[in-house]
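To start, the structure under review is shown below, and the notes come after it.
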Amino acid sequence: MNSSKHTELANHAWSVADLLRGDYKQSDYGKVILPFTVLRRLECVLAPTKDKVLEVAARYENQDINPDRFLRKASGHSFYNTSTYTLKAIAGDASHAAKYLNQYYGAFSPNAREVLERYDFAQQIKRLEAADLLYQVVGRFADLDLRPVERDADGNVVLDEDGNPVEIVTNHQMGYTFEELIRRFAEQSNETAGEHFTPREVIRLMVNLLVAPDSDALALPGTVRTVMDPACGTGGMLSAAEEHITAHNRDATVKVFGQELNPESWAICRSDMMIKGQDPENIKFGNSFSDDGHTGATFDYLLANPPFGVEWKKVKDTVEDEHEHLGDSGRFGAGLPRINDGSLLFLQHMISKMKPVDASGAGGSRIAIVFNGSPLFTGAAESGESKIRQWILEKDWLEGIVALPDQLFYNTGISTYFWVLSNRKARDRRGKVVLLDARDYWRKMRKSLGDKRKELGEQHISEITRLYTEALAVVDAAEKGGGHDLADRAGKIKVFRNENFGYHRITVERPLKLRFEVTEETLTALTASKPMGRVTDVEAFVAALRPLVGKSWTTKSDAWIDLKDAIVAAGLLWPTGAPFGKALREAVGVRDPEGEVQRIKGEPEPDPELRDYENVPLEEDVEEYLRREVLPHVPDAWIDHGKTKVGYEIPFTRHFYVYKPPRPLGEIDAELKALEAEIQALLGEVTE
């Protein structure tokens, strides 16, 4: 189907908006147009076998046997309708349109009826009937020709000169038409389009990166692949993956699976799958974390664009229970991210559905997921996020990360990243991670859509795909001075070993150094301290120390001798116990770089105010790091090894940072003077 025909079909369906205007808000047009489009397509698909289905339905009408499987077989599809009505017939009887339409849609098989129910179809029928619009809307859709193939007057498939069926609207073509309607619905709605679907060109790039390494295998006869999206939305990614694989091999069998939490998005996705000939039962409704619709299943490819920064508080108990009681045998054994961002939960969920790799190297899966920058580095050493990254890297599953331009998505202007994972990495990529900076690959859109102001062109998609799949060859060629047509782009690529992202979080301590002095402030602080509550006469105690105001000592022992002598001379008792000693030291002790080193059991006492933390690369000796980087500046520092933690982060931006020196002051000054002169000239024109 050419683009004009595709637009023609979408325009016909959307023309119903002219009827709805005034009785419906623009944002509600899709609630009528989308389900009626689904209904009409299903009717056209089922039309050739309608008589056979009615015959089977009549045969089992008064029997106790559930005829569902017989009706499916009779229809030739995974769904059916046992009503004698058609949309054309219903439109012809305006006075009974609502009654007949309810009976008609109620006669669909449960899986098809459930989709229409998610659109709240019965309520839309009632609303249209009340506005006296129902028969007009039904009539408009009855005129929309969505037949898969052309048939003659006797119902026989019309063949072309090569003996092939003359196709009118194939499943693939219908998918494009439906996606166009989804896009229009999203634009008319006050909601952001990003809540409905991911930009098409972004999906194409994502699928390219996911599938490109398997091009040869996908071209083999009899190829069967399964694709799963645990946050499938309206199903755009699943459709693109199917399209990409079948483009390599038109005889390939692609089975798609998904799960979606939003009822309307789920209905759209399931409708899309039915329209394209996929099994709608594979699209599950519910929360992937708390109600996994594909428990125990594994897939060849998994991809997702989960919502960014969305908290998982609603499923907290379920997720934590699985983490604590199932551990590594569950989905979330590696760790739990902070409650306000469930992105890494989605990734763990997807990893749990990878196919295992057998002894011969067969099997395995590939994963692609869209993240914002947070999962790269959020979380300190041994936090939930860090442990998840550590688990992924130590398993050697992370193949690469691609940084995308900002302003690429409808509902956010921030920079985003593709993470690509696999448990069957190519031999030359094992133990390595490729980082690809594609932030400069974009073109400005003619018209912005929400926060989306940039888009990827076909050339961008092609070059990014090649840079990623041929990354090692590009870098190698650049090091050798050429030999690859993309060698000049090698600066966009960094290749690291898995261990490069790990680090030891060391605690660097320095000794507490004090001198001691008595001041009025010292006495006030001592009076307010909790241990002084045990002193019989606090005022007398403080009065005994007041003659020492202004005196200072370099050592604690000298200070304590004089302080104790003053108390004893006043006829008072010197309090015993560690709490009083600590309170006294906090009151009279003053930090001094030249002061006495305080000790605990002979060892220097660390000063909390001078404590520092350093991240040391995992493969580097921390003591050597201390000698090289710390001791030349603070010779008395040491590492408290009992506090050392292991962390993992992927500082993408840091690896691609290029220092740009500030412009010379003379250049800036000249520019300011030029602007000042321009302003003066403009002001002169105004005052003339």
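The values are calculated or read from the model by the stated rules, or taken from the named source; none is laboratory data. The model shown is predicted, which means the values in this text are computed figures rather than measured ones. Cβ: placed from backbone, ideal geometry, glycine included. Neighbour counts: every protein chain shown. Note: accessible area is taken over every heavy atom of the protein model, side chains too, but ligands, DNA and RNA are not part of it. Shrake-Rupley method; radii C 1.70, N 1.55, O 1.52, S 1.80 Å.
As for the stretch 579-588, it holds no residue that is open to solvent by 90 Å² or more (accessible area, probe 1.4 Å), touching a residue at least 12 places away in the same chain (Cβ under 8 Å) and more than 60 Å from the chain's Cα centre (by Cα). Counting the residues of the stretch 398-409 that are buried (at least 22 other Cβ atoms within 10 Å of the Cβ) and part of a loop (DSSP other than H, G, I, E, B) gives 3. Candidates L128, L146: the one that is aliphatic (A, V, I, L, M), within 41 Å of the chain's Cα centre (by Cα) and outside any loop (DSSP other than H, G, I, E, B) is L128. Taking the criterion of being touching a helix residue (DSSP H, G or I) at 6+ places or on another chain (Cβ under 8 Å), open to solvent by 30 Å² or more (accessible area, probe 1.4 Å) and not in a loop (DSSP other than H, G, I, E, B), the residues of the stretch 275-311 that qualify are E281, F285.
The set of residues in the stretch 321-378 being more than 25 Å from M237 (Cα to Cα), open to solvent by less than 30 Å² (accessible area, probe 1.4 Å) and out of contact with any Lys or Arg (no Cβ under 7 Å at 6 or more places or on another chain) consists of G327, G330, G333, P337, T378. Filtering E619, E594, E614, E624 for residues that are acidic (D, E) and in contact with a helix residue (DSSP H, G or I) (Cβ under 6 Å, 6 or more places away or on another chain) leaves a single hit, E619.
Of everything in the stretch 246-265 that is in contact with a helix residue (DSSP H, G or I) (Cβ under 6 Å, 6 or more places away or on another chain) and not in a strand (DSSP E or B), the residue that is modelled with the highest pLDDT is A252. Of the listed requirements (1) out of contact with any Gly (no Cβ under 7 Å at 6 or more places or on another chain); (2) not in a helix (DSSP H, G or I), D669 misses just one: (2).
Identify all residues within the stretch 633-654 that are surrounded by 10 or more Cβ atoms within 10 Å (Cβ to Cβ) and out of contact with any Phe, Trp or Tyr (no Cβ under 8 Å at 6 or more places or on another chain); write none if there are none. Answer for the stretch 633-654, where residues must be surrounded by 10 or more Cβ atoms within 10 Å (Cβ to Cβ) and out of contact with any Phe, Trp or Tyr (no Cβ under 8 Å at 6 or more places or on another chain): V634, D636, A637, W638, I639, D640, H641, K643, T644, K645, T653. When we screen D612, D607 for residues that are surrounded by 12 or more Cβ atoms within 10 Å (Cβ to Cβ), over 30 Å from W560 (Cα atoms) and touching a residue at least 12 places away in the same chain (Cβ under 8 Å), the only hit is D612.
From the list R113, R140, pick out the single residue that is touching a Phe, Trp or Tyr at 6+ places or on another chain (Cβ under 8 Å) and open to solvent by 20 Å² or more (accessible area, probe 1.4 Å). Residue meeting the stated conditions: R113. Quick check, is I639 closer than 23 Å to I388 by Cα, among the hydrophobic types (A, V, I, L, M, F, W, C) and in contact (Cβ under 8 Å) with a residue 60 or more places away in the chain? So I639 fails the test. Look at the stretch 104-127: where a residue is touching a residue at least 24 places away in the same chain (Cβ under 8 Å) and a partner is open to solvent by 40 Å² or more (accessible area, probe 1.4 Å) and part of a helix (DSSP H, G or I), sitting 6+ places away or on another chain with Cβ atoms under 7 Å, you get Y105/R113; N111/E281; R118/P263; R118/E264; Y119/K31; Q124/K31; I125/N102.
The set of residues in the stretch 454-472 being within 14 Å of V495 (Cβ to Cβ) and either crowded, with 17+ Cβ neighbours inside 10 Å or out of contact with any helix residue (DSSP H, G or I) (no Cβ under 9 Å at 6 or more places or on another chain) (or both) consists of L467, Y468, T469, E470, A471.
Number of residues in the stretch 425-453 that are open to solvent by less than 30 Å² (accessible area, probe 1.4 Å) and touching a Phe, Trp or Tyr at 6+ places or on another chain (Cβ under 9 Å) equals 8. Do we have L421 as in contact with a Leu (Cβ under 7 Å, 6 or more places away or on another chain) and either in contact (Cβ under 8 Å) with a residue 24 or more places away in the chain or surrounded by fewer than 19 Cβ atoms within 10 Å (Cβ to Cβ) (or both) here? So L421 fits the description; yes. Summed over the stretch 614-640, residues that are of a type outside the set (A, V, I, L, M) and closer than 10 Å to H504 by Cα total 6.
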